[in-house]
Amino acid sequence: MSLINNELIAELNAIQQPGPLLAELYRRYRDRVAIGTSGQLTGCALIDLAYKAAGAKMRVFTNDTYRLFPETYNLFNQLEKHYRMKIERFTPPELELKAMVQQYGEYLFFDSKERQELCCHVRKVLPNNKALDTLDVWITGLRADQSKARAGVGRFEIIQHGLEGKKRPILKVAPLASWTEAQVRDYLKANKVPVHKLLDVKLPGGYYYESLGCILCTTPIGPNEPRRAGRWRWFNSSDENKECGLHLPPK
Ligand code: SF4
């Protein structure tokens with residue numbers, strides 16, 4: 001197993017294509033590498049690429065907030081059947097979830113930005129941390145064209161994970177960082193990959209779902225809206241930089 005450092009990034013950076021890159025990561029890190037997905041288009045493309053690189057032994061995980069669209073759970077079932085694998089579900093820690101709901105109620109995300117961030121922390125970031133506890137390499141579907149905040153995203157980043165005083169490096173890899181949405185859609189179509197039903201429909205007035213999170217916090221966007229406008233729409237629909245905390249440096 002290779003150490004996680006800048007020399008490793010330099011070696012991996014020489015591998016341009018996502019398929020061979022995933023194959024190399026699986027060869028080096030085996031079950032210490034996994035794709036984290038919430039069922040978006042890029043995540044589905046990555047699963048297909050990883051399956052071709054590593055077979056059904058690849059690890060895939062999701063953070064189940066208990067608030068996902070029924071269509072998202074259906075997609076996970078479909079992917080599991082199609083690729084003959086099991087998607088690992090990481091869920092919010094019971095104590096923190098109970099304490100948050102008791103203090104602020106189920107719908108705290110409507111109250112303020114701080115409470116939305118708290119909810120995302122408990123329902124998404126803490127489960128994701130449980131997944132990272134088992135990994136050296138975290139593969140994500142981040143792409144530079146998804147929002148202004150993600151415009152600078154590169155293929156590799158070293159993050160520090162763990163409790164204060166016990167942190168260790170994890171390699172975060174976005175193999176499709178430079179792909180456009182059109183490229184991803186072309187790949188999915190050409191390879192007959194199962195995709196999220198809601199990401200494939202056009203709604204009246206040109207509205208469509210650009211990305212999908214929890215059911216109450218996600219709405220479709222109009223033809224001229226920023227891509228992240230549909231998330232937590234009651235705060236500011238023109239804000240292109242909305243994030244749930246998974247891809248931000250810890251506060
Ligand atoms: Fe909570 Fe909404 Fe974030 Fe889901 S998207 S974790 S319901 S604030």
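What accessible area per residue comes out for segment 98-199, rounded to a whole number of Å², with a 1.4 Å probe?
Working: 5090 Å² over 102 residues.
Here the per-residue accessible area is 50 Å².
At a Förster distance of 30 Å, what's the computed FRET efficiency of LYS52 paired with PHE110, Cβ-Cβ distance as r, to 0.05?
Numbers: r = 43 Å, r/R0 = 1.42.
E(calc), rounded to 0.05, equals 0.10.
Return the carbon/sulfur percentage of the accessible area of the chain, one whole number, probe 1.4 Å, all protein chains in place. Working shown, then result.
On the way: 6820 of 12690 Å².
Result for the chain: 54 percent of the exposed heavy-atom area is carbon or sulfur.
I'd like the accessible area for ARG32, computed on protein heavy atoms only with a 1.4 Å probe and all protein chains in place. Round to 10 Å², please.
About 60 Å², rounded to the nearest 10.
Bin width 5 Å, alpha-carbon pairs only: give the P(r) of segment 6-195 as whole percents, running from 0 to the bin holding the largest distance.
Calculated P(r), rounded to whole percents: 1, 7, 15, 19, 20, 17, 11, 6, 3, 1, 0.
Roughly speaking, what is the stretch gain from TRP234 to TYR73, that is 0.36 nm per residue apart minus the C-alpha to C-alpha distance, in nm to one decimal? It would help to have the intermediate numbers written out before the result.
Working: separation 161, 0.36 × 161 = 57.96 nm, distance 2.54 nm.
Stretched fully, the TRP234-TYR73 segment lengthens by 55.4 nm.
What share of the DSSP beta bridges in the chain is antiparallel, in percent to the nearest 5? Numbers along the way, then the final one.
On the way: 9 of 22 bridges.
So the antiparallel bridges amount to about 40 percent of the total.
Using a 1.4 Å probe and ignoring any ligands, DNA or RNA, find the accessible area of ASP145 and quote it in Å² to the nearest 10.
50 Å²
Taking the Cβ-Cβ separation of ALA10 and LYS148 as r and a Förster radius of 25 Å, what is the calculated FRET efficiency to the nearest 0.05? Mind dumping the intermediate values first?
Values: r = 28 Å, r/R0 = 1.13.
According to the calculation, E is roughly 0.30.
Go through GLY206, GLY222, PRO175 and say which Cα lies farthest out towards the positive end of the charge dipole of the chain; charges sit on Cβ, +1 for Lys and Arg, -1 for Asp and Glu.
In the chain, that residue is PRO175.
In what sequence, highest mean first, do 98-107, 114-123, 15-24 appear when ranked by Cβ atoms within 10 angstrom?
The packing order, highest mean first, is 114-123, 15-24, 98-107.
The values are calculated or read from the model by the stated rules, or taken from the named source; none is laboratory data. Keep in mind the model is a prediction, meaning the values are calculated, not measured. Reconstructed Cβ throughout: ideal geometry from the backbone, glycine too, with neighbour counts over all protein chains shown. To get the accessible areas, we keep the full protein, side chains included, count just its heavy atoms, and leave off ligands, DNA and RNA. Shrake-Rupley method; radii C 1.70, N 1.55, O 1.52, S 1.80 Å.
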